[in-house]
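Some notes on the structure that comes next.
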Amino acid sequence: MDLIRYTAIAHRDHDYNNPVSAVKIERVLDLLPLDPASRVLDLGCGRAELCLRIIERFGSTALAIDRSSLMLDAARERAEWTGAQGRLHVDNVEIADFEADPETFHLTVMFGSGIGGGMAGICRRLKGWTREGGYVLVGERYWRRRPASKYLAVLGGAPDYLTHAGNVAAGIGEGLIPMHAVTASEDEWDEYEWKYLRSIERYAREEADDPDVPEMLAEVRRRRDAYLRWGRRTLGYGLYLFYRPGARIG
């Protein structure tokens, strides 16, 4: 099974590929002092919903990076609908392989995985591409409580997630100043996970001849059962907004 394709299908009905509601994300955007001269980097952009909202709000220029050609095709189509083609630039690149000049962007964003070292590693990489006086926005999972060993077995090991407070502390440890944080509620997690499940179940009915369908169904149902049994009360997800100070600040 092609996991990149599977993930794109599972998220085809989501605006964002994470459980934080659009209302909360809009609140984070309220805090950003961007303008038409600002440059934005979004790693793991999905269908570039965040970039498109930033372009609509502020007129900024955005570079959207993802490893899924299906997601990026959808991003280009959405940019055409909204008239954002001239300000949205997309690139199909593995996140781990992406490089940019230091201190290039006024805002750097990453919702998801692709950079090693956990929260600290993500903040370190994004900080390097962020201008002094700019902002870093990270979406990262965290442990709400100690995970059961059976849940870790389903996940394939022990991910290097921290606590919610630990995620904030990791950004501080990389020289960033925390400005705001929001977390997904249980209702938001439910909406995200059930929408994910429905997308795969519906695809399996629509494309029953796809040879990947049996494996897709097995995977999404395994995920469903693990979420209901352990994940819903164990795993959290937060958005963390940091300010990158100048050399003589903070």
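Quick grid of which residues meet (1) surrounded by 12 or more Cβ atoms within 10 Å (Cβ to Cβ); (2) closer than 19 Å to GLY238 by Cβ; (3) touching a helix residue (DSSP H, G or I) at 6+ places or on another chain (Cβ under 9 Å):
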site	(1), (2), (3)
TRP129	yes, no, no
GLU140	yes, yes, yes
ARG145	no, yes, yes
ALA148	yes, no, yes
GLY156	no, no, no
PRO159	yes, yes, yes
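The set of residues in the stretch 208-250 that are closer than 30 Å to GLY134 by Cα and of a type in the set (Ser, Thr, Tyr) comprises TYR237, TYR240, TYR243. Criterion applied to ASP210, ASP160, ASP190 was being under 29 Å from TYR240 (Cα atoms), assigned to a loop (DSSP other than H, G, I, E, B) and among the charged types (D, E, K, R), and the one residue passing it is ASP160.
Matching residues to (1) without any contact (Cβ under 8 Å) to a residue 60 or more places away in the chain; (2) more than 15 Å from the chain's Cα centre (by Cα):
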{"residue": "VAL40", "(1), (2)": "no, no"}
{"residue": "CYS51", "(1), (2)": "yes, no"}
{"residue": "ILE55", "(1), (2)": "yes, yes"}
{"residue": "ASP66", "(1), (2)": "yes, no"}
{"residue": "GLU80", "(1), (2)": "yes, yes"}
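Counting only strands (runs of 3 or more DSSP E) that sit completely within the stretch 1-95, those holding 2 or more residues that are out of contact with any Pro (no Cβ under 6 Å at 6 or more places or on another chain) and surrounded by fewer than 17 Cβ atoms within 10 Å (Cβ to Cβ) correspond to 88-92.
For the stretch 163-176, a residue qualifies if it is in a loop (DSSP other than H, G, I, E, B) and under 25 Å from ALA96 (Cβ atoms), and the qualifying residues are GLU174, GLY175, LEU176.
Scan the stretch 228-238 for residues that are surrounded by 14 or more Cβ atoms within 10 Å (Cβ to Cβ) and over 21 Å from the mean Cα position of the chain (by Cα) and the total you get is 2.
Yes/no per residue for (1) surrounded by fewer than 16 Cβ atoms within 10 Å (Cβ to Cβ); (2) of a type outside the set (A, V, I, L, M, F, W, C); (3) within 22 Å of the chain's Cα centre (by Cα):
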| site | (1), (2), (3) |
| --- | --- |
| ALA165 | yes, no, yes |
| ILE172 | yes, no, yes |
| SER185 | yes, yes, yes |
| TYR192 | no, yes, yes |
| GLU207 | yes, yes, no |
| GLU215 | yes, yes, no |
| ALA218 | yes, no, no |
| ALA226 | no, no, yes |
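Here is a yes/no grid of residues against (1) aliphatic (A, V, I, L, M); (2) more than 28 Å from PRO178 (Cα to Cα); (3) modelled with pLDDT under 95; (4) touching a helix residue (DSSP H, G or I) at 6+ places or on another chain (Cβ under 6 Å):
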| position | (1), (2), (3), (4) |
| --- | --- |
| PRO19 | no, no, no, yes |
| LEU34 | yes, no, no, yes |
| VAL40 | yes, no, no, yes |
| ILE54 | yes, no, no, no |
| PHE58 | no, no, no, no |
| ALA79 | yes, yes, yes, no |
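Go over the candidates VAL23, VAL28, VAL93 one by one and state the one that is within 18 Å of the chain's Cα centre (by Cα), within 24 Å of TRP189 (Cβ to Cβ) and without any contact (Cβ under 8 Å) to a residue 40 or more places away in the chain. The match here is VAL23. Of all residues in the stretch 123-138, those satisfying the criterion of being over 17 Å from the mean Cα position of the chain (by Cα), in a strand (DSSP E or B) and over 13 Å from LEU32 (Cβ atoms) are ARG131, GLU132. Within the stretch 103-123, being of a type in the set (Val, Ile, Thr) and surrounded by 18 or more Cβ atoms within 10 Å (Cβ to Cβ) holds for THR108, VAL109, ILE115, ILE122.
The values are calculated or read from the model by the stated rules, or taken from the named source; none is laboratory data. Being a predicted model, the structure only gives us computed values, none of them experimental. No Cβ is skipped: glycine too gets one built from the backbone with ideal geometry, and neighbour counts run over all protein chains shown.
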